[in-house]
1. Select from I43, T25, N11 the residue farthest towards the positive end of the dipole of the stretch 3-64; place +1 on Cβ of Lys and Arg, -1 on Cβ of Asp and Glu, and compute about the Cα centre.
2. Between the alpha-carbon centers of the stretch 1-27 and the stretch 89-132, tell me the distance in whole angstrom.
3. By the gyration tensor of its Cα atoms, with a ≥ b ≥ c the square roots of the eigenvalues, what is the shape of the chain: rounded for a/c under 1.5, prolate for a/b over b/c, or oblate?
4. Output wanted: per-residue J couplings in Hz (rounded whole) for the stretch 97-106, from phi through Karplus 6.51 cos²θ - 1.76 cosθ + 1.60, θ = phi - 60°, x for Gly and Pro.
5. Counting heavy atoms of the protein chains only and a 1.4 Å probe, report the per residue accessible area for the chain as a whole number of Å².
6. Would you calculate the separation in nanometres between label points at H37 and L10, each defined as 7 Å from the Cα along the Cα-to-beta-carbon direction?
7. On the protein heavy atoms, probe 1.4 angstrom, tell me the percent of accessible surface of the chain carried by carbon and sulfur.
8. What ranking, highest mean first, results for peptides 98-110, 6-18 when packing means the other Cβ atoms within 10 Å averaged over each residue?
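The values are calculated or read from the model by the stated rules, or taken from the named source; none is laboratory data. Note that the structure is predicted; figures quoted are calculated from it, not measured. Note that we place each Cβ from the backbone using ideal geometry, even for glycine, and neighbour counts take in every protein chain shown. These accessible areas exclude ligands, DNA and RNA; they are computed on the full protein's heavy atoms, side chains included. Shrake-Rupley method; radii C 1.70, N 1.55, O 1.52, S 1.80 Å.
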Amino acid sequence: MDGQVYRVQLNTAHGPALLRLAEETGAELVWATTWEHAANEWIGPRIGLPELPVIEMPLPGLPGGPPPSGYGEMFKTPHVAAYVGGRPFVWFDDHTWEPDEAYLRDRPGIGEFLLVRVDARAGLTEADLAGAREWLSARQG
């Protein structure tokens, strides 16, 4: 990716589980990762996902990067907010916290959302997926 060596543990059951979630709820799957487009090359095929849209995430201080907001949120959060607009969304991530929720809650035009804090040690669980499925299903037509 950037000359760094990363150890990533992948679960091949996650791709089909995410595809089922999207199919059952009408959700759109999108990468919101610092891997950006490389996620479609290095991660997606290994877990059974097709090529997905990517939310590009320039780092703060770089051209296109977000200005400081004063909330203390993770640098990804403004990019995710811009992408989703007013649509309801679920965001699975192991680095979202209360400042990210506050940023999204207080931002005009952001629709309903559910942040699922994935335990970095356990990875995405059936409980994470079930909670997202229930939340998304409650917002369908």
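1. Working it through, the farthest residue towards the positive pole turns out to be N11.
2. What the calculation gives is 16 Å, centre to centre.
3. Because a/c hits 1.5 or more and a/b fails to exceed b/c, the chain counts as oblate.
4. Each residue of the stretch 97-106 in turn: 9, 4, x, 5, 4, 4, 4, 5, 4, 8 Hz.
5. 61 Å²
6. Calculated label separation equals 1.9 nm.
7. 53 percent
8. Ranked by mean Cβ neighbours within 10 Å, highest first: 98-110, 6-18.
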